[in-house]
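Read the structure below first, then the notes.
The values are calculated or read from the model by the stated rules, or taken from the named source; none is laboratory data. The structure presented is a predicted model; accordingly, all values stated were derived computationally and were not measured. A quick note on method: Cβ atoms are made from the backbone with ideal geometry, for glycine too, and the neighbour counts reach across all protein chains shown.
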Amino acid sequence: MPDPTTINSMFARIAGRYDVGNRVLSGGLDLWWRHRLVRAMRLSQPAQVLDLATGSGDLAFAISRNILSAKKIIGMDFCQPMLDEAEAKQKAAKHGRYLNVTFSQGDGLNLPLPDAAFDAVSIAFGLRNMANRHRSLSEIHRVLRPGGRLYVLEFSQPDRWFRPIYLFYLRHILPVVAGLLCGDRKAYVYLNESIEAFPGREALSAEILRAGYTAVTATGLTFGAVALHEAVK
């Protein structure tokens, strides 16, 4: 499992170039992947939303723009430099935008939040970095209201035919390009290794069920390289 101190330090180092790295390394697909999560969440019309491992806030802002029922959105992350980037983007936005979004520092393994406080919790590309996935999923379950929904967007194990292409990109291209863009090749070597070690859709669905959720569904995106999991408390 990832070491929290190491992960925090890594994200602090790349915070200022995180968004550029995401756009370039995913070929812009990260925007579409988040759109798919927002589209799914919109069907449940949540009023109170927690975006965990919010990073630089892209998903929290997308929820604010596209889900009118979301009266309060909390973007939470344990890395303060990432939250600084999110708050800077919020301040730079046009007047009147994202007023329903607030950012707060917090540990995904011990959320500083009350029980049954949220209609929906999202976590995009953050569950992989939790030191204990079961504990994090259980904490999310605690802060969800009965009937509330969990949305997990995460890298997954790609379709068999696509796997050799994908692994070549992860191992040989991504670290080099990331090193040039972000000045921290080591951080993206970790990204490659953590993606390869992460469970596929069926295995992660089973983990979500063990944490107490029901009605778990998983949708593969981009030839299965990414998956959107949805579940109900």
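Things worth noting here:
- Residue in region 108-152 that is surrounded by the most Cβ atoms within 10 Å (Cβ to Cβ), counting only those that are assigned to a strand (DSSP E or B) and among the polar types (S, T, N, Q): 122
- Considered as a group, the residues in region 68-107 that are of a type in the set (Asp, Glu) and in a strand (DSSP E or B) include one that is surrounded by the most Cβ atoms within 10 Å (Cβ to Cβ), and that residue is 77.
- Residues satisfying the stated conditions in region 203-227, i.e. outside any strand (DSSP E or B), crowded, with 17+ Cβ neighbours inside 10 Å and of a type in the set (Gly, Ala, Ser): 205, 211, 224, 225
- Test: residue 21 is under 22 Å from residue 181 (Cα atoms) and either modelled with pLDDT under 95 or not in a helix (DSSP H, G or I) (or both): yes
- So residue 230, is it in contact with a strand residue (DSSP E or B) (Cβ under 8 Å, 6 or more places away or on another chain), acidic (Asp, Glu) and surrounded by 16 or more Cβ atoms within 10 Å (Cβ to Cβ): yes
- Filtering region 67-86 to residues that are in contact with a strand residue (DSSP E or B) (Cβ under 8 Å, 6 or more places away or on another chain) and more than 23 Å from residue 130 (Cβ to Cβ) leaves 67, 70, 71, 72.
- When region 192-202 is filtered for residues that are touching a residue at least 60 places away in the same chain (Cβ under 8 Å) and outside any helix (DSSP H, G or I), only 198 remains.
- Just one of the listed residues (135, 128, 160, 142) is more than 18 Å from residue 233 (Cα to Cα) and either β-branched (Val, Ile, Thr) or free of Cβ contacts under 8 Å to residues at least 40 places away in the same chain (or both), and it is 160.
- Among (1) in a helix (DSSP H, G or I); (2) in contact (Cβ under 8 Å) with a residue 12 or more places away in the chain; (3) over 28 Å from residue 108 (Cα atoms); (4) not basic (Lys, Arg), the one test that residue 189 misses: (3)
- Single match in 231, 178 (criterion: at pLDDT 95 or above and either assigned to a strand (DSSP E or B) or closer than 13 Å to residue 25 by Cβ (or both)): 231
- If you go through region 31-67 and pick out every residue that is over 13 Å from the mean Cα position of the chain (by Cα), crowded, with 16+ Cβ neighbours inside 10 Å and polar (S, T, N, Q), you end up with 3.
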